[in-house]
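Have a look at the structure below, then the notes.
The values are calculated or read from the model by the stated rules, or taken from the named source; none is laboratory data. Since the structure is predicted, the reported quantities are computational estimates derived from the model, not experimental observations. Positions of Cβ are generated from backbone atoms using ideal geometry, with glycine treated the same way; all protein chains shown enter the neighbour counts.
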Amino acid sequence: MSMKVNHQLPLPADLKAEFPLFPSLVSIKAKRDAEIAQIFTGQLDKFVVLVGPCSADNEDAVCEYVNRLSALNEQVSDRLMLIPRIYTNKPRTTGEGYKGMLHQPDPDKAPDLLAGIIAIRKMHIRAMMESGLTAADEMLYPENRSYLDDLLSYEAVGARSVENQQHRLTASGMDIPVGMKNPTSGDFSVMLNSVIAAQHPHHFIYRGCDVTTSGNPLAHVILRGGVDKYGTSSPNYHYEDLIRLLEMYQKLELKNPAAIIDANHANSNKQFREQSRIVREVLHSRRHHDGLRSLIKGVMIESYLVEGNQPISSRMVFGKSITDPCLGWNDTQELILRIADEC
């Protein structure tokens, strides 16, 4: 029972100085952040589509995907806000398996967190530079987000982290939208309590400093389905679930009520092709009820260049997930165009 120090990691400020964000990219991010904020505050009627691989495992494949998304964005940007998922941390239910590029820049080699923090920063910068799109990532480790906080336009707090105090407090100091997923139990009140915490100011310890935060008015919920006591998936994207969420929001004094619907995970029971049907149902519910149209700001979709998933090996298919299965590009493109037509 011991802990071994492998590397003294650089301070976030030092890594940012070594791999800086060019002024042109700072401008792109500021413009997109402002537009995304207007969507979540109800000032702009666009629909958010957070879309991309379950985990960003290969820089070239991720950048090719984001570049395709950028070309598609030119057709739909008047109706949709496309935000690529570039998820560099992967939570593992049992603690085993591939934990994302942060841990393993090369999936078939040993973990190397020093190389990992460099790899994920370089990948995010390259994706933004080539595509003009700023991305979303998951805040799996609150203290690690400091290496990327000048690059991201959206962050999510996962189902296993949403009850964690440090995640909630860190979210209260962010100036971009942060989505709080419902826990694996599916309990809406836990998720909403996290939004309440994130929207309020706090005073706590962060990266060895005594800090205060002002609260994040853009904190909101993400519905991703849950599991019952027998481990059976229980979706929460149906009309009745959305109405229940709307009613719960209306009883709380929260700023900018908003929800993103995750079409995969327990909502699809990881049947990745079901995501297209689920998104269509969400859009139908939104059209049917003005309150839901205002509340539901977008959807989250897991998608990559090649559909399905694969084990880590020496002969992996380029652009195919090595974690949860994803929609392929052709189905993704068709779905995004359909969303744009139906919003």
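Quick notes
- Test: residue in the range 39-56 that is assigned to a helix (DSSP H, G or I) and touching a residue at least 40 places away in the same chain (Cβ under 8 Å): yes
- Number of the exception - Met300 against (1) touching a Leu at 6+ places or on another chain (Cβ under 8 Å); (2) more than 18 Å from Cys54 (Cα to Cα); (3) in a strand (DSSP E or B); (4) not hydroxyl-bearing (Ser, Thr, Tyr): (2)
- The range 211-240, subset over 19 Å from Leu252 (Cα atoms) and of a type in the set (A, V, I, L, M), residue surrounded by the fewest Cβ atoms within 10 Å (Cβ to Cβ): Val211
- When Ile336, Ile322 are screened for being in contact with a Leu (Cβ under 7 Å, 6 or more places away or on another chain), over 20 Å from Pro235 (Cα atoms) and either among the basic types (Lys, Arg) or buried (at least 19 other Cβ atoms within 10 Å of the Cβ) (or both), only Ile336 passes.
- Among the residues of the range 157-186, those identified as in a loop (DSSP other than H, G, I, E, B), more than 20 Å from Ser214 (Cβ to Cβ) and either polar (S, T, N, Q) or in contact with a strand residue (DSSP E or B) (Cβ under 6 Å, 6 or more places away or on another chain) (or both) are Gly158, Ala159, Ser161, Val162, Asn164, Asn182, Thr184, Ser185, Gly186.
- In the range 57-69, the residues that are assigned to a loop (DSSP other than H, G, I, E, B) and crowded, with 24+ Cβ neighbours inside 10 Å: Asp57
- Options Leu292, Leu337, Leu283; residue that is modelled with pLDDT of 95 or more, assigned to a helix (DSSP H, G or I) and in contact with a Cys (Cβ under 8 Å, 6 or more places away or on another chain): Leu283
- Sub-8 Å Cβ pairs linking a first residue in the range 124-148 that is within 19 Å of Asn164 (Cβ to Cβ) to a second residue that is in a helix (DSSP H, G or I) and aromatic (Phe, Trp, Tyr), at least 6 apart or interchain, number zero.
- Every residue from the range 146-165 that is under 25 Å from Asn193 (Cβ atoms) and among the aromatic types (Phe, Trp, Tyr): Tyr154
- Ile261 meets each of the listed conditions (1) aliphatic (A, V, I, L, M); (2) surrounded by fewer than 24 Cβ atoms within 10 Å (Cβ to Cβ); (3) touching a strand residue (DSSP E or B) at 6+ places or on another chain (Cβ under 6 Å); (4) not in a helix (DSSP H, G or I) apart from (2).
- Some residue of the range 189-210 being assigned to a strand (DSSP E or B), touching a Pro at 6+ places or on another chain (Cβ under 9 Å) and either touching a residue at least 40 places away in the same chain (Cβ under 8 Å) or crowded, with 21+ Cβ neighbours inside 10 Å (or both): yes
- Among the residues of the range 237-258, those identified as over 18 Å from the mean Cα position of the chain (by Cα), assigned to a loop (DSSP other than H, G, I, E, B) and in contact (Cβ under 8 Å) with a residue 40 or more places away in the chain are His238, Leu252, Leu254, Lys255, Asn256.
- Residue match in the range 128-138 (condition: surrounded by fewer than 20 Cβ atoms within 10 Å (Cβ to Cβ) and outside any loop (DSSP other than H, G, I, E, B)): yes
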